[in-house]
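Here's the structure, in structure tokens; my notes come after.
No value in this document is a laboratory result; all are computed from the given coordinates. Just so you know, these numbers come straight off a predicted model, no measurement behind them. Quick reminder, even Gly has a Cβ in these numbers, built from the backbone with ideal geometry, and neighbours come from all protein chains shown.
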Amino acid sequence: MFRMVKRDLNAVLHRDPAARHAIEVILCYPGFHAVLLYRVSHQLHQRGFKLLARMLASFNRFLTQVEIHPAAKIGEGLFIDHRCGIVIGETVEIGTDVTIFQGATLGGTGKDTGKRHPTIGNHVLISAGAKILGPFRVGDYAKIGAGSVVLKEVPPYSTVVGIPGRIVGKKWTGAPSADMDQIRMPDPVQDQMGQLLAQIRQLEARVAELEARKGREMQYTG
């Protein structure tokens, strides 16, 4: 567990430009505190102290405004930025070096038992306010746009935006932990509108050309 905590600490230092040194992260970063308390509660849950684990998880929620079920499985290097309102359900599985921003929810869609929460791959970025709901997988290196509602599987290296979430392009191919951009996302609606406008301009130019040709022909025959 200590190795995992060290990896979580380094994740904050590497991905947050405001983090100046380890002591500042340990003392002043509630997102790191939330992950640390989760690590302890998860160990208690694994050892059969489930009520104590849930009590510690409730204290974690009270202290940090992050709700993580102690049964969730979270890999090393999780970075929770700005932390407020994050919810991680009981059967969630999270890979290594994942980044989650405020307001994100990794939840279920009903009262189903068993596996009912998402599985998040490695090096995934989940932007502010994103909702990932259901027992499907979000592939490695995927990027979930702010405010998106994801209800089905996401392939690796994909970028997802919108409600419901739509796959709109490929993500980065290198240095994933350094990519924290939640703003410059592809906009499929804008792209399609641009294509339609371009086609309309081509049709207008063609119509104008035909009208001009018809006018010349009429003038010649007249």
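Under 5 Å between amide hydrogens, which residues at least 5 positions from Ile94 or on another chain qualify, with H placed 1.01 Å from N in the peptide plane?
Those qualifying (amide H under 5 Å, at least 5 residues apart or on another chain) are Lys73, Ile74, Gly75, Ile120.
At 0.36 nm per residue, minus the direct Cα-Cα distance, what do Thr109 and Leu197 gain on full extension? Give it in nm, one decimal, please. Let's see the in-between values first.
Values: separation 88, 0.36 × 88 = 31.68 nm, distance 3.90 nm.
Fully extending the segment from Thr109 to Leu197 adds 27.8 nm.
On a 0 to 90° scale, report how tilted helix 2-15 is relative to the longest principal axis of the chain, with both axes built from alpha carbons and the result rounded to the nearest 10.
30 degrees
Listing His42, His82, His33 from the residue with the fewest other Cβ atoms within 10 Å to the one with the most, what is the order?
In order of increasing Cβ crowding within 10 Å: His82, His33, His42.
Number of Lys pairs in the chain with C-alpha atoms less than 22 angstrom apart, excluding same-chain neighbours closer than eight positions?
Lysine pairs meeting both conditions in the chain amount to 22.
With a bin width of 10 angstrom, please list the P(r) values of the chain as percents of all Cα-Cα pairs, from the 0 bin to the one holding the largest distance.
Result, from short to long distances: 8, 30, 29, 13, 6, 5, 5, 3, 2, 0 percent.
For Arg7 paired with Ile26, estimate the spin-label separation in nm (one decimal), with each label point 7 Å from Cα along the Cα-to-Cβ line.
2.0 nm
Testing the spin-label approximation: label points 7 Å from Cα along Cα→Cβ at Glu153 and Phe62. State their distance in nm.
About 4.2 nm, to one decimal.
Of Met193, Ala130, Thr105, which is farthest along the charge dipole of the chain in the positive direction, counting Lys and Arg as +1 and Asp and Glu as -1 at C-beta?
Projecting each Cα onto the dipole axis, the largest value belongs to Thr105.
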